[in-house]
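One structure is given here, and the rest of the page talks about it.
The values are calculated or read from the model by the stated rules, or taken from the named source; none is laboratory data. Bear in mind the structure is a predicted one, so any value in this text is a computation, not a measurement. Cβ placement follows ideal geometry from the backbone for every residue including glycine, while neighbour counts extend to all protein chains displayed.
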Amino acid sequence: MLILHIDIEGGFGGSSRSLAKLVGGLQNILPNYNSVVLCKANGPIEILYENMGVQCEVFPHMFSRIPLPKYNFRNLLTAIPQLFSIIRLHKKIVSINPDVVHFNYAGLLFNGLLLKLSGYKGIIIIHSRVVWPDNVFGNVFNYLLRYATDKVVAIAEPVRQSHVHNGLPDNKVAIIHNPSNVAAAHSVNHDWQKPCTISYFGTIGNLKGPHRLIELADKLQELEFPYVINVFGAAPRRKSLTKKLDDELNSIIERQNSSDELYRFIYHGHVNDPEEQIAKSDFIVRPSLSNDPWGRDVIETMALGRVIVATGEFDGFVKNKQNGFLVGEWDVDTVAKVIIDTWKNPENYAHICKNAFDFAVVEFHPLTAAKKFVAILGALGVK
């Protein structure tokens, strides 16, 4: 059996790493399974697939769009020059002739639709990774999804609910949580006398909320709480940053680097192995404006037994004050208090870390995700 996985990134984002973990899990449980991965861009994921013995090819001609809460007309107009990419990707898929096509992002649904219209007899699965807006574009895209795929795989319950709310039949959507490497055993080895290490992992863009770390840095310094704040993430489209965010980041980096060692703010850019950096951190903060506490940073933090502090109220992953912290809407005073109070109580800190790890062992193991994916294939008639 040949499964073609199509990735709109090249390893710079969480969706690419999630796909790689799933592919690795499938290799372990499907002896007759062969995998080919198409990536839109060169990136560190190529090395990972090479080490796994999985064929990975860069194919830049991919068109991907999903509905937004606003600016949809502008979004579609800017996409017009890329529409020919749908045809190019379609021809590439047909030339490979896979038994299963797995689109790793729902914005690729137009290629799923074209495959169905052209008479493709294999199985099409589309991964959905964001909550879809309740507007006319969300309704239309979900109507198209009915015919573009045999199954939509949502990464969390709120994502699944957004599809159903927009008209996709309930039995058309399954849930598979993003998989992550889970440590063989859990341990907390911190020097409580050193400044607390707080890290952010994610794209440097406005919706991810990295500018909120600037507020947090100022608040913690005001409260005389020593810290090192690390910002990890790529800005592949630097122009997409607002000038205000760009100026603020540069300003605080310059200011912090000139201050004493008790208060440091460091921008590292992209790192190929975020898990190594998470393991070195005491807290991971997810300050997302979308209030979506189910991203890859949440999963990897829990899998490594560290403390996550995230915006949002969905408690399917993070159980507030049990295996991490949910703060609802962003409030810098609340976030600062959570970090300081937890750091000053090593016993409670270790308890939360252990609970996070135990949850991840069950929910985020790559074999768990792979078994659910195989179950979907079986239900669709793949043997």
* Give the number of residues within region 311-363 that are within 19 Å of the chain's Cα centre (by Cα) and of a type in the set (Gly, Ala, Ser). => 5
* Structure fact -> Quick count over region 117-138, residues being at pLDDT below 90 and among the polar types (S, T, N, Q), is 1
* Unmet criterion (only one of (1) buried (at least 23 other Cβ atoms within 10 Å of the Cβ); (2) over 30 Å from Glu224 (Cα atoms); (3) at pLDDT 95 or above) for Ala174 -> (1)
* To do: Kindly indicate the residue of region 203-221 that is surrounded by fewer than 22 Cβ atoms within 10 Å (Cβ to Cβ) and closer than 21 Å to Gly13 by Cβ and also modelled with the highest pLDDT among those meeting that condition.
  => Arg212
* Asked: Residues in region 348-356: is at least one touching a residue at least 40 places away in the same chain (Cβ under 8 Å) and either hydroxyl-bearing (Ser, Thr, Tyr) or in contact with a Phe, Trp or Tyr (Cβ under 6 Å, 6 or more places away or on another chain) (or both)?
  -> yes
* **Which numbered condition Tyr267 misses (of (1) of a type in the set (Phe, Trp, Tyr); (2) in a strand (DSSP E or B); (3) modelled with pLDDT of 95 or more)** => (3)
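Residue-wise test of (1) assigned to a loop (DSSP other than H, G, I, E, B); (2) on the phi > 0 side of the Ramachandran plot; (3) modelled with pLDDT under 90.
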position	(1), (2), (3)
Gly10	yes, no, yes
Ser18	no, no, no
Pro31	yes, no, yes
Asn42	yes, no, yes
Tyr49	no, no, no
Cys56	no, no, no
Pro60	yes, no, no
* Residue that is farther than 30 Å from Gly312 by Cα and crowded, with 21+ Cβ neighbours inside 10 Å, where the choices are Asn111, Asn104 -> Asn111
* **Matching residues, region 369-383, being at pLDDT below 95 and either of a type in the set (A, V, I, L, M, F, W, C) or surrounded by 15 or more Cβ atoms within 10 Å (Cβ to Cβ) (or both)** => Val382
* Got at least one residue in region 181-202 being outside any loop (DSSP other than H, G, I, E, B), modelled with pLDDT of 95 or more, hydrophobic (A, V, I, L, M, F, W, C) and under 15 Å from Val131 (Cβ atoms)? -> no
* Asked: Is it true that Gly24 is touching a Gly at 6+ places or on another chain (Cβ under 7 Å) and touching a residue at least 60 places away in the same chain (Cβ under 8 Å)?
  -> no
